[in-house]
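The values are calculated or read from the model by the stated rules, or taken from the named source; none is laboratory data. From a predicted model like this one, the values you see are computed outputs, not experimental measurements. Please note: Cβ atoms are built from the backbone with ideal geometry, for glycine as well, and neighbour counts cover all protein chains shown.
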Amino acid sequence: MDGPPSHGRAFAYYTYGAASSLLQSLARDYPQLASLTTAQEAYGLRSAGTCTDSAGHQGPCLNHIIQISNRSANAAVLSARPQIYISGALHGDEQVGIVTALELCRWLLTRYATDDWVRRLVDTRMVLISPMTNAVGSATRRRDELGIDPNRDFPFDQSAGSCMQTVTARTVNEIYRAHLLQLVVTFHGGMQAPRTRYPASPRRPAGETPRAPLRRRSGTTGAPTRTGGACRAARPTTLRCGTWRRSCLDTPARGASTARRTATRR
Ligand SMILES: [Zn+2]
């Protein structure tokens with residue numbers, strides 16, 4: 001069922017039009033706390049695809065970005081606040097992130113007046129949220145943006161000249177360039193996987209593989225639960241920050257030549 005959730009909190013997926021309408025209404029209802037823009041307006045990016053708004057009108061898909069922070073402060077104070085960024089959906093068919101991101105927007109704004117913790121957060125932090133980072137994918141519930149996987153479109157482990165082709169990736173790139181982000185959350189969905197603690201315990205015995213703690217805990221081989229998609233195998237992943245994790249991927253099955261890439265990104 002599409003459309004915004006009822007006040008009974010029966011959460012449901014949003015259409016592009018319903019999500020856009022919610023963001024616009026939140027920005028309109030809470031002008032001191034929220035500011036809504038698009039990657040097209042803020043960064044001059046092109047749009048990808050055609051989307052249908054809540055009135056049924058078709059137009060260019062817009063990559064909405066809402067900024068939540070108490071805007072009564074001057075610009076210098078605003079920009080000096082710790083900034084975090086939450087991406088709802090790089091993959092448009094992973095709709096749970098869109099709902100989560102939109103509900104976070106609603107939660108922060110509607111509870112500001114009555115919840116001391118929310119008020120403190122909104123008064124002292126800047127939260128940037130793009131619920132439908134992959135706008136056309138979100139609208140059509142497709143993983144890709146017009147045939148390109150946005151999560152393989154960043155300039156990492158990618159040949160020069162074949163990255164940053166999607167508006168989705170460029171939106172994320174521009175947000176990174178415009179803000180000094182201290183925390184970034186990117187939602188994915190459609191699979192279940194057991195995980196080791198993150199960051200991993202420093203007490204891991206020397207030489208032990210990342211899979212071993214999980215095997216001890218689960219009493220199994222640690223094989224991930226497959227719930228659709230194509231989560232085929234869990235691979236230990238070394239991160240550049242020096243920690244490690246067990247990663248099970250929501251990517252389609254791939255050949256061995258792309259194993260490294262699929263092991264490091266979801
Ligand atoms: Zn994904």
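What's the total number of residues in the range 91-120 that are more than 13 Å from THR133 (Cβ to Cβ) and more than 14 Å from the ligand (Cβ to nearest atom)?
19
Hey, any hits in the range 161-181 for a residue that's more than 19 Å from the chain's Cα centre (by Cα) and either within 24 Å of ALA76 (Cα to Cα) or within 13 Å of the ligand (Cβ to nearest atom) (or both)?
no
Under 6 Å between Cβ atoms, at least 6 apart or on separate chains: pull out the pairs that start in the range 170-193 with a residue that is more than 18 Å from ASP153 (Cα to Cα) and end on any residue that is of a type in the set (Phe, Trp, Tyr) and surrounded by 14 or more Cβ atoms within 10 Å (Cβ to Cβ).
LEU181/TYR85
Where in the range 13-86 are there helices (runs of 4 or more DSSP H), lying wholly inside it, with at least 3 residues that are within 18 Å of the chain's Cα centre (by Cα) and within 16 Å of VAL136 (Cα to Cα)? It would help to see each step written out before you state the result.
Numbers: elements: 16-29, 39-43, 75-80.
The helices (runs of 4 or more DSSP H) meeting that bar are 16-29.
Only one of ALA55, ALA27, ALA10, ALA80 is small (Gly, Ala, Ser) and either surrounded by 14 or more Cβ atoms within 10 Å (Cβ to Cβ) or under 21 Å from PRO150 (Cβ atoms) (or both). Can you tell me which? Explain how you work it out, then say what you get.
On the way: ALA55 fails: either surrounded by 14 or more Cβ atoms within 10 Å (Cβ to Cβ) or under 21 Å from PRO150 (Cβ atoms) (or both); ALA10 fails: either surrounded by 14 or more Cβ atoms within 10 Å (Cβ to Cβ) or under 21 Å from PRO150 (Cβ atoms) (or both); ALA80 fails: either surrounded by 14 or more Cβ atoms within 10 Å (Cβ to Cβ) or under 21 Å from PRO150 (Cβ atoms) (or both).
Unique residue meeting the criteria: ALA27.
Of all residues in the range 155-176, which are aliphatic (A, V, I, L, M) and either surrounded by fewer than 17 Cβ atoms within 10 Å (Cβ to Cβ) or not assigned by TED's automatic domain parsing to the domain that holds MET132 (or both)? Steps first, please.
Of the range 155-176, the ones aliphatic (A, V, I, L, M) are 160, 164, 167, 169, 172, 175.
The answer is ALA160, MET164.
Look through ILE66, ILE129, ILE86 and report the one residue that is of a type in the set (Val, Ile, Thr), within 16 Å of the ligand (Cβ to nearest atom) and closer than 18 Å to ALA34 by Cα. Explain how you work it out, then say what you get.
Working: ILE66 fails: within 16 Å of the ligand (Cβ to nearest atom); ILE129 fails: within 16 Å of the ligand (Cβ to nearest atom).
Going through ILE66, ILE129, ILE86 in turn, just one is of a type in the set (Val, Ile, Thr), within 16 Å of the ligand (Cβ to nearest atom) and closer than 18 Å to ALA34 by Cα: ILE86.
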